[in-house]
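So the structure is just underneath, and the comments pick up after that.
The values are calculated or read from the model by the stated rules, or taken from the named source; none is laboratory data. Only a predicted model underlies this, so the values are computations on that prediction, with no experimental measurement involved. So basically every Cβ, Gly included, is an ideal-geometry build from the backbone, and we count neighbours across all protein chains shown. To get the accessible areas, we keep the full protein, side chains included, count just its heavy atoms, and leave off ligands, DNA and RNA. Shrake-Rupley method; radii C 1.70, N 1.55, O 1.52, S 1.80 Å.
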Amino acid sequence: MTTKTDQKFQLNVQRLHDELHYHNHRYYVLDDPEIPDSEYDKLLRELQAIEAQHPELLRPDSPSQRVGAPPISEFTQVTHLLPMLSLSNAFNEGEVLAFEKRLLERLNSTTPKDDELDEAEQGLLQNKITELEYAVEPKLDGLAVSLLYEDGILVQGATRGDGETGENITENVRTINSIPLKLTGENIPQTLEVRGEVYMPKASFEALNKKARDKGEKTFVNPRNAAAGSMRQLDSRITASRNLAMYCYATGRMAGALGEEIPPPEKHSDALQQLADWGFRICPDSKVVKGAKGCLAYFAEIGAKRDELSYDIDGVVFKVNSLDLQQQLGFVSRAPRWAIAHKFPAQEEMTLLKEVEFQVGRTGALTPVARLEPVFVGGVTVTNATLHNMDEIARKDVRVGDTVIVRRAGDVIPEVARIVPSKRPDNTIQIVMPSECPVCESAVVQLEGEAVSRCTGGLICPAQQKQAIKHFASRKALDIDGLGDKLVEQLFDENLIKNISDLFSLKFDDLIKLERMGDKSAENLIASLEASKKPTLARFIYALGIREVGETTAKSLSNHYGSLDAIKHTDEESLKEVNDVGPIVANHVVSFFQETYNNEVIEALLAAGIDPILPAKVDIQDLPLDGNTYVITGTLSLMGRSEAKAQLEALGAKVSGSVSKNTTALFAGEKAGSKLTKAESLGVEVLNEEALIKLIKNHSTDA
Ligand code: IVH
């Protein structure tokens, strides 16, 4: 017999389920939260309290079940209703073109017997297919998971296993917030299998590894291993503590109440939309393209933004969009004929560390560089890789003679990621920091509190001189077109330049004598040197290469002082009042301008006609955002946080690291966390990135 109170609790549980499912979906699937975290937690605690008092009301699809369950002793095996397939691979353009050619040949040559064709099909046969439509998606680098729903409720999660049977990881799957425990929307099949990739967002992976490092524990090699390791936990409470996510990319079996098969929509892209409507998270970077050409363009597009994506990928997947054509094409062994993975070149390879040399940077820092047995990584041959610094060498226990894993991600310098301990020979050699600079033989010192050792030679060190010139010419500095690193080396080694001011006395006749220098290039270089003579003051200060003065600080100095002379004659006390400048930077700036040599070079530059454009003179109090304090949180997608900060500060605003009642507004990017909650609880205005850009635009006269 149910009493009135029981009924009340039941209704309450239902309401809390509905609300929590709804807000969970808004937050984790749509990335568009409606209520602050604190409010969500309150609802969850309310539900947990009722469930503790009335265990009979605890249901497997309860939102409280995401925190993990007591450990199990082993994973059981489950059989997939439809097998989980794999994909064949293409590694270059030719293989993608061949894939499409195969498809077209196959589709156009299937000639069923005439009497099996109705009229429409006869017509189709004459209209040969010449172009195919593809659904194209990032190839997520995580682990494949199959979800099973009965009557819209998640009842099972399984690994791929051998494709036929996998491991039952239901408890672990339940802890992933972007996996719905209960589906929404219409026409949900009674039995529904959904496939997708469970992965660890890059930011969560970094945070997890940082935590492990801080505690002296073992780190994960990459986000895929971290995701796989987290899903293999017998204790799902550990899985719950890892920030995992899932993108769904296919359906498996779909059946109605009588076990009848439910036909999927016409296109794969529609099937994805249907999954989204039911509450699943689908990858926002997927799209539909035409022909192999469209596929290749997509490969290039995703390749270009690979580093900016919040998740790791190892390629893209092309799928024939029409499910009807998919069916006609069928499978070969375990892989569909209608899909292919176009993989990026491998980013990690194994090779031998032959020797370590120390490179001297612009500020004298000595960087250990590994000389390697040449190896093809990420599409290029790599012979050198950075070892970062001595602390990293110690942490990874790298020695000369080791077999190492070289990693090359995007455009960054290749690095020695780790060694292969089982391949270590007996005669490896310890790596030691030299006591003398390998270039100028000045003493090498390591200052207290610094990870790096430095050459004390300063500007008598040719290595530091060369780096200073390269920096001066670089894109964010004077941006001298045609003056790349190689040419700087050449000019320096031929004694044509000793410092940055010498660049402006280069003559056509000097240049033309250089190896591999034609008339046209020499002329162009002279012209671009001439064109670089009017940098903004901020760029000019940055180009001087004062230690710790990056672009943002250079901008602040320029805005604050308004002229080179004013910066030259300031003192540390005044400098510390500049946005972004602390005691260390202040000291570097003052020391820089105390050096006679630096002043001589600056004089020579000015004499050569360099004429920095001064910032428009402004009184701080006249700045449009004077008196306003902002906080920026979360990930901005269109500009970096430090850039946003610099721009707001240039308009007179203060940018603070924490929200208080004095905060004018909080700009919240993606994945905003506790600051957002705090702002909301204090009633501080919360604005998005669009509003931030608008604010900056509306107030800026010139950037
Ligand atoms: S479709 C019918 N789509 O790649 C083909 N797979 O070798 C079934 N993967 O283990 C797979 N991203 O986990 C498909 N957008 C995507 C994918 C994807 C990653 C993984 C999948 C599977 C492997 C296929």
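Candidates in region 557-578 are the residues that are free of Cβ contacts under 8 Å to residues at least 24 places away in the same chain and among the charged types (D, E, K, R); of these, the one that is least open to solvent (accessible area, probe 1.4 Å) is E572.
Of the helices (runs of 4 or more DSSP H) lying entirely inside region 542-604, those carrying at least 1 residues that are charged (D, E, K, R) and closer than 24 Å to L447 by Cα are 572-575. Answer with yes or no whether S230 is open to solvent by less than 20 Å² (accessible area, probe 1.4 Å) and not charged (D, E, K, R). When the stated conditions are applied, S230 passes them.
Of the candidates A473, A477, the single residue that is over 30 Å from V377 (Cα atoms), buried (at least 21 other Cβ atoms within 10 Å of the Cβ) and within 30 Å of the chain's Cα centre (by Cα) is A477.
Taken over region 145-163, the criterion of being open to solvent by 20 Å² or more (accessible area, probe 1.4 Å), assigned to a strand (DSSP E or B) and within 16 Å of the ligand (Cβ to nearest atom) is satisfied by T159 alone. State all residues of region 538-550 that are within 20 Å of L605 (Cα to Cα) and either more than 30 Å from the chain's Cα centre (by Cα) or of a type in the set (D, E, K, R) (or both); if no residue qualifies, say none. Result: R539, F540, I541, L544, R547.
F299 falls short on exactly one of the conditions (1) open to solvent by 60 Å² or more (accessible area, probe 1.4 Å); (2) under 26 Å from I129 (Cβ atoms), and that condition is (1).
Taking region 326-386 and the strands (runs of 3 or more DSSP E) fully enclosed by it, the elements with 3 or more residues that are closer than 30 Å to N499 by Cα, open to solvent by less than 60 Å² (accessible area, probe 1.4 Å) and aliphatic (A, V, I, L, M) are at 366-377. A residue that is modelled with pLDDT under 95 and surrounded by fewer than 17 Cβ atoms within 10 Å (Cβ to Cβ) occurs somewhere in region 165-174. Among the residues of region 530-551, just one is hydroxyl-bearing (S, T, Y) and open to solvent by less than 20 Å² (accessible area, probe 1.4 Å), namely S532. As a summary of the residue check, N225 satisfies the conditions (1) within 16 Å of the ligand (Cβ to nearest atom); (2) farther than 30 Å from K396 by Cβ; (3) among the polar types (S, T, N, Q) except for the one numbered (2). Of all residues in region 402-429, those satisfying the criterion of being open to solvent by 40 Å² or more (accessible area, probe 1.4 Å) and either touching a Lys or Arg at 6+ places or on another chain (Cβ under 6 Å) or part of a strand (DSSP E or B) (or both) are R407, R418, I429.
Scanning region 326-359 for residues that are at pLDDT 95 or above, away from the ligand (no atom under 16 Å from the Cβ) and of a type in the set (A, V, I, L, M, F, W, C) yields L352, L353, V356, F358. In region 180-196, which residues are among the β-branched types (V, I, T), in contact with a strand residue (DSSP E or B) (Cβ under 9 Å, 6 or more places away or on another chain) and more than 16 Å from the ligand (Cβ to nearest atom)? Matches in region 180-196: I188, T191. Please tell me if A554 is under 32 Å from the mean Cα position of the chain (by Cα), closer than 16 Å to P615 by Cα and surrounded by 14 or more Cβ atoms within 10 Å (Cβ to Cβ). Yes, satisfied. Looking at region 304-325 only, could you name the residues that are of a type in the set (G, A, S) and surrounded by 17 or more Cβ atoms within 10 Å (Cβ to Cβ)? Residues satisfying the conditions are G315, S322. Cβ separations smaller than 6 Å between residues 6+ apart or across chains give the following pairs from region 80-102 residues that are in contact (Cβ under 8 Å) with a residue 40 or more places away in the chain to residues that are open to solvent by 50 Å² or more (accessible area, probe 1.4 Å): L81/R253; L82/R253; P83/E164; M84/R160; L85/R334; S86/R334.
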